[in-house]
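Report on one structure; see the data block that follows.
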Amino acid sequence: MCSVETDWAGRVISDSPRPVICIKPLVAGRILPPTELTFVYRSIEPVDTVCIGMLSPQEAREDIALARTILEGLEDRREMQYARSKQALAASE
């Protein structure tokens with residue numbers, strides 16, 4: 001979690017004259033991968049890199065697949081996760 005708003009962080013990253021390493025963009029699970037990886041990959045240049053910590057091979061596969069989807073400019077259409085807190089939202093679909 002950056003100490004400034006995401007629009008400022010994105011501007012600093014994209015305006016940097018040097019390569020940037022975006023470290024821990026998922027902030028220990030506090031931001032969902034689709035949201036943050038989309039922000040990161042739309043803010044960096046081809047010479048920049050992203051460093052993400054992963055706990056399991058399954059998590060790595062999911063994050064890598066999502067990153068590839070974002071980099072290829074495709075829409076992420078993975079199945080949404082449902083929990084009790086989302087029952088009212090799912091009922092309206």
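The values are calculated or read from the model by the stated rules, or taken from the named source; none is laboratory data. Everything numeric here is computed off the predicted structure, so don't read it as measured data. Glycine gets a Cβ as well: all are built from the backbone with ideal geometry, and neighbour counts include every protein chain shown.
Of all residues in the stretch 59-78, those that are among the small types (G, A, S) have Cβ atoms under 8 Å from Cβ atoms of residues that are at pLDDT 85 or above and surrounded by 10 or more Cβ atoms within 10 Å (Cβ to Cβ), 6 or more apart or on another chain, in A67/L37; A67/Y41; A67/V50.
Out of curiosity, is L37 among the aliphatic types (A, V, I, L, M), modelled with pLDDT of 85 or more and either within 24 Å of D7 (Cβ to Cβ) or in contact with a Cys (Cβ under 6 Å, 6 or more places away or on another chain) (or both)? Let's see the steps before the verdict.
Working: among the aliphatic types (A, V, I, L, M): yes; modelled with pLDDT of 85 or more: yes; either within 24 Å of D7 (Cβ to Cβ) or in contact with a Cys (Cβ under 6 Å, 6 or more places away or on another chain) (or both): yes.
Answer is yes for this residue.
Restricting V12, V50 to residues that are at negative phi and touching a strand residue (DSSP E or B) at 6+ places or on another chain (Cβ under 7 Å) narrows the list to V50.
If only residues of the stretch 45-54 that are surrounded by 11 or more Cβ atoms within 10 Å (Cβ to Cβ) and within 12 Å of the chain's Cα centre (by Cα) are counted, the one that is farthest from D7 (Cα to Cα) is I52. Annotation: of all residues in the stretch 4-31 being part of a loop (DSSP other than H, G, I, E, B) and at pLDDT 80 or above, the one that is nearest to D63 (Cα to Cα) is K24.
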